[in-house]
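Notes for the one structure printed next.
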Amino acid sequence: MAFLEKRIEILEDRNKRLEQIEKLFGGEEDGFDIVAKVKNLDKLVKALMQQNGDSIVHDNMLQESNTESERSTFKLKAPTNLSRPMEPSKMRTPQIVKRQLPGRVAFCVGLSNYMVNSGIHRTIIFDEIIANVGNAYSSKSGIFSVPVSGHYVMSLVFNAGVQTPSYQRYLEVVSNGVALADVLLDSSSSIHASSTKVWVFFLERGSEVWVRTPSYSVGNDILGHLHSMLTGWLLYAV
């Protein structure tokens with residue numbers, strides 16, 4: 001637009017100069033043709049300006065129309081149920097899953113009576129119960145019935161209560177009749193000598209564990225009054 005306006009100013013200026021020239025020459029035909037051409041050119045420029053202005057107005061109207069159409073389309077496509085609160089009856093209550101922990105297992109038992117010449121493969125029944133969490137140990141049979149598979153800590157204290165020249169006194173821990181480990185006692189130096197061992201065993205559920213005299217032991221005397229004891233507890237289940 002600015003360019004066209006500048007162009008018109010130039011043409012108008014030229015038109016004035018040509019009119020002055022025409023007056024000087026007395027309105028000759030050549031001068032008249034020049035003025036007419038300039039006037040026609042002026043009309044053409046104005047017509048172009050008007051046409052350009054109409055085109056700009058038309059484009060602006062078309063753009064506004066398209067914008068309104070897009071807005072209408074967006075409004076039609078917009079969902080009508082945004083962020084509706086869920087009814088309390090349809091809301092799911094989170095479920096709390098409780099972890100099933102294995103039962104607590106622990107026992108501590110002792111021998112109350114003195115045993116002399118017990119022989120071989122004789123079950124030692126620790127009849128004095130100090131603790132029996134889970135009731136897995138039987139004071140009648142001397143057997144610990146494994147309630148859950150896992151690793152167990154077991155400890156055996158062995159006191160013979162006699163002084164002998166021989167140190168070959170043993171007690172062994174067995175599971176289902178198979179020896180797991182043993183305790184060696186040397187009471188040759190003192191009547192009060194005792195021996196203690198601690199183990200960690202993997203025991204399967206349903207298996208039975210007890211203490212017995214082995215076939216390779218000599219004497220097999222065992223002091224009571226809770227000087228000989230058996231202890232066990234579940235370390236962790238698997």
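Here's the yes/no breakdown for (1) within 29 Å of Val238 (Cα to Cα); (2) surrounded by 15 or more Cβ atoms within 10 Å (Cβ to Cβ):
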site	(1), (2)
Phe126	yes, yes
Gly150	yes, yes
Met154	yes, yes
Ala160	no, yes
Leu184	no, no
Ser190	no, no
Thr196	yes, no
Phe202	yes, no
Arg205	yes, no
Taking Ile96, is it at pLDDT 65 or above and either under 16 Å from Tyr170 (Cα atoms) or touching a His at 6+ places or on another chain (Cβ under 6 Å) (or both)?
no
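One line per residue, one yes/no per condition, for (1) outside any strand (DSSP E or B); (2) in contact with a helix residue (DSSP H, G or I) (Cβ under 7 Å, 6 or more places away or on another chain); (3) modelled with pLDDT of 95 or more; (4) closer than 21 Å to Gly224 by Cα:
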{"residue": "Gly119", "(1), (2), (3), (4)": "yes, no, no, yes"}
{"residue": "Ser141", "(1), (2), (3), (4)": "yes, no, yes, yes"}
{"residue": "Met154", "(1), (2), (3), (4)": "no, no, yes, yes"}
{"residue": "Leu171", "(1), (2), (3), (4)": "no, no, no, yes"}
Count, please, the residues in region 183-217 that happen to be of a type outside the set (Gly, Ala, Ser), modelled with pLDDT of 90 or more and under 17 Å from Met115 (Cβ atoms).
6
Can you pull out every residue in region 162-173 that is over 11 Å from Ser217 (Cα atoms) and crowded, with 19+ Cβ neighbours inside 10 Å?
Val173
Being closer than 26 Å to His192 by Cβ and aliphatic (A, V, I, L, M) is the filter here, so list the residues in region 126-152 that pass it.
Ile129, Ile130, Ala131
Considering each residue of region 215-231, count those that are under 54 Å from the mean Cα position of the chain (by Cα) and surrounded by 17 or more Cβ atoms within 10 Å (Cβ to Cβ), and give that number.
6
Qualifying position, being in contact with a Gly (Cβ under 6 Å, 6 or more places away or on another chain), modelled with pLDDT under 90 and outside any strand (DSSP E or B), among Gly161, Gly103:
Gly103
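The values are calculated or read from the model by the stated rules, or taken from the named source; none is laboratory data. It should be emphasised that the depicted structure is a prediction, and the values quoted were computed from it without experimental measurement. With ideal geometry, Cβ positions are generated from the backbone for all residues, glycine too; neighbour counts draw on all protein chains shown.
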